[in-house]
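What follows is a set of notes on a single structure, which appears directly below.
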Amino acid sequence: MRDLLTDIKVDISFNMQSGVTSVALIKEFIHEFPALEYLVLLLKQFLLQRDMNEVWTGGISSYGLILMVVSFLQPEFWIIVS
């Protein structure tokens, strides 16, 4: 849904426990990787400029983007790459 006055987009789900679990997981990731919040905001802006930030138009979801950045930030990733 989108607020016509502010153009703020909102996604509301009912009777979904996975949302509560996902929020807790993201909070843990932010605690473990302090740069996560800033990297995701930077990438969201990058995607917005290219009309790739909305899932319903073929873009990447915020949750998916967070998981990709966490995957990139994990030390195990750098061991495999190097």
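The values are calculated or read from the model by the stated rules, or taken from the named source; none is laboratory data. Quick caveat: nothing in here was measured; it's all calculated off a predicted structure. Cβ coordinates were reconstructed from backbone atoms using ideal geometry, including for glycine residues, and neighbour counts include every protein chain displayed. Protein only, heavy atoms only, side chains kept; ligands, DNA and RNA dropped before computing areas. Shrake-Rupley method; radii C 1.70, N 1.55, O 1.52, S 1.80 Å.
Here are some notes:
- Accessible area in square angstrom per residue, the chain, 1.4 angstrom probe: 83
- Using the Cβ-Cβ distance between Thr6 and Glu76 with R0 set to 41 Å, the FRET efficiency from 1/(1 + (r/R0)^6) comes to roughly 0.50.
- The tail of the calculated P(r) for the chain, taken as Cα-Cα distances beyond 16 Å, holds 63 percent of the pairs.
- For the chain, the share of accessible area belonging to carbon and sulfur comes to 66 percent (1.4 Å probe, ligands and nucleic acids excluded).
- Between Thr57 and Val23, the simple label model (points 7 Å from Cα in the Cβ direction) yields a spacing of 2.8 nm.
- Counting only Cβ charges, +1 for Lys and Arg and -1 for Asp and Glu, the dipole size of the chain around its Cα centre is about 80 debye.
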